[in-house]
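Structure record follows, encoded as C-alpha cells.
The values are calculated or read from the model by the stated rules, or taken from the named source; none is laboratory data. This structure is a prediction, so every number in the text was calculated from the model and none was measured. FYI the Cβ positions are ideal-geometry reconstructions off the backbone, even for glycines, and counts take in every protein chain you see. In case anyone asks, the SASA skips ligands and DNA or RNA and just uses the protein heavy atoms, side chains included. Shrake-Rupley method; radii C 1.70, N 1.55, O 1.52, S 1.80 Å.
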Amino acid sequence: MRLCYQISTPEVKKAPGVTAYQADLEDSYKALLENGYEGVELMVDNPSMVDSSRIKELSDKYNLPVAMICTGEVFGQSGLTFNHPEEEKRKEAVKRVKDAVDLAVKLDCGIVNIGRVRGGFSLGGDHEKERALSIEGMKAVGQYAGEKGIVIALEPVNSIAASFINTTQEGMAIVDEIGLSSFKLMLDSNHMFIDDKDSLKSIEDAKDYFVYVHLADSNRLYPGNCKLDFEAFIKKLKEVGYDSWVSVEVFQRPDQDIALKKSAAFLKPMIESLS
C-alpha cells in the first residue's frame, strides 16, 4: 500500500471544514515529500479552473503522483448536487464531475470520487424523485468516465453528514444498480466506523468493489488521535488483497501541519510493517 494526503487546489477557498492541506501548491508538495508521503490526492471545487500543467509539473518534480481527485467541495463550497431542486444546478454538478474526469485524464490519475455531490433526501421531499435524479447523475458521470478510461469511486458518507448511501453495503447495492465497469466503490474508515455494523466485515464484503481508501480516525481527525483500530483496519485491507492507495482525509486540527506530520508518523511504520 502507498500513503498519500489530500491537498486542495487553488480555487478551493480556505475554510475550517475543508479536509485538505491548504497552501501554495508547491508548498503543499514540499510538505508531503518532507513527511514521507508517496502521492497526493486533490480536493477540488471547480476543476475547470485548475491548472493541470502546473500540477503535472509539481508531481514530476517531487515524484508525487496524483492518486485521486476528490469532488467534496463541489458540494461543500458550491452546494451542487445531482438531485438539486434547480435543474441548472443539477446540470452544473454533473458538469463539474465530468470536468474532474477531464482533469484526471490530463494528470494520468485513474480515479475521481463522488461523495455528497450525489445529493440526499430533503425533509418532507419526494424521496423517490430525489433518488431517481441522483441515480441519473451517477450514471451520467460513470458513463462519461468510462469513455475516458477513468473510474468513478462512490463514497458512502455517514448519516451525520448525508441522508443517502451511508453504509458500505448501501454503496455496494448502488454500484450493482449502476452496472458500469467504470463505477466502483471507495471506503472511508471514519464513515464506516460511524455507520457500518462491522468495518472489518465490510472490507471483506466489498473486496471486489472498492478501488480506493480514505483514512481518518473515529472523530475525523488525524489517525492515531482517537479510538479507531488502524492496525486491524489496514491488516484487513491487506488480507483481502488491496494493495493500492490509502489517503489521509481529515479535518486539519489542531492545525494542518500537525495533522499532516502526526498522520505520517503514525501510519507509515504500520503500513511498512504490514507490507
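The figures follow:
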item: Lone unmet requirement of (1) out of contact with any Leu (no Cβ under 9 Å at 6 or more places or on another chain); (2) more than 30 Å from GLU272 (Cα to Cα); (3) open to solvent by less than 70 Å² (accessible area, probe 1.4 Å) for GLN22; result: (2)
item: Cross-chain or 6+ apart pairs with Cβ under 7 Å, the range 116-133 first and in contact (Cβ under 8 Å) with a residue 24 or more places away in the chain, then basic (Lys, Arg); result: LEU133/ARG90
item: Residue in the range 193-200 that is touching a helix residue (DSSP H, G or I) at 6+ places or on another chain (Cβ under 8 Å), hydrophobic (A, V, I, L, M, F, W, C) and crowded, with 22+ Cβ neighbours inside 10 Å present; result: no
item: Subset of the range 178-201 (residues that are under 16 Å from ASN158 (Cβ atoms) and out of contact with any Pro (no Cβ under 9 Å at 6 or more places or on another chain)); result: ASN190, PHE193, ILE194, LYS197, ASP198, SER199
item: Among (1) free of Cβ contacts under 8 Å to residues at least 40 places away in the same chain; (2) closer than 23 Å to TYR21 by Cα, the one test that GLN252 misses; result: (1)
item: Number of the exception - SER48 against (1) hydroxyl-bearing (Ser, Thr, Tyr); (2) touching a strand residue (DSSP E or B) at 6+ places or on another chain (Cβ under 6 Å); (3) farther than 24 Å from MET270 by Cβ; result: (2)
item: Unique match (being crowded, with 22+ Cβ neighbours inside 10 Å, modelled with pLDDT of 95 or more and not small (Gly, Ala, Ser)) among VAL240, VAL246; result: VAL246
item: Counted residues, the range 212-231 - those being part of a helix (DSSP H, G or I) and either in contact with a Pro (Cβ under 6 Å, 6 or more places away or on another chain) or among the basic types (Lys, Arg) (or both); result: 1
item: Test set (1) on the phi > 0 side of the Ramachandran plot; (2) touching a Gly at 6+ places or on another chain (Cβ under 7 Å) - HIS84 fails condition number; result: (1)
item: Among residues of the range 78-109, those that are open to solvent by 10 Å² or more (accessible area, probe 1.4 Å), touching a Pro at 6+ places or on another chain (Cβ under 8 Å) and under 15 Å from ALA140 (Cβ atoms), counted; result: 3
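The rows are residues; the columns are (1) open to solvent by less than 20 Å² (accessible area, probe 1.4 Å); (2) within 14 Å of the chain's Cα centre (by Cα).
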{"site": "MET1", "(1), (2)": "no, no"}
{"site": "LYS13", "(1), (2)": "no, no"}
{"site": "VAL18", "(1), (2)": "yes, yes"}
{"site": "ALA31", "(1), (2)": "yes, no"}
{"site": "GLU38", "(1), (2)": "no, no"}
{"site": "SER48", "(1), (2)": "no, no"}
{"site": "LEU58", "(1), (2)": "yes, no"}
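Results for (1) loosely packed, with under 15 Cβ neighbours inside 10 Å; (2) over 18 Å from GLU204 (Cα atoms); (3) at pLDDT 95 or above, shown as yes or no for each residue.
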position	(1), (2), (3)
CYS226	yes, yes, yes
PHE230	no, no, yes
PHE233	no, no, yes
VAL250	no, yes, yes
PRO254	yes, yes, yes
LEU260	no, yes, yes
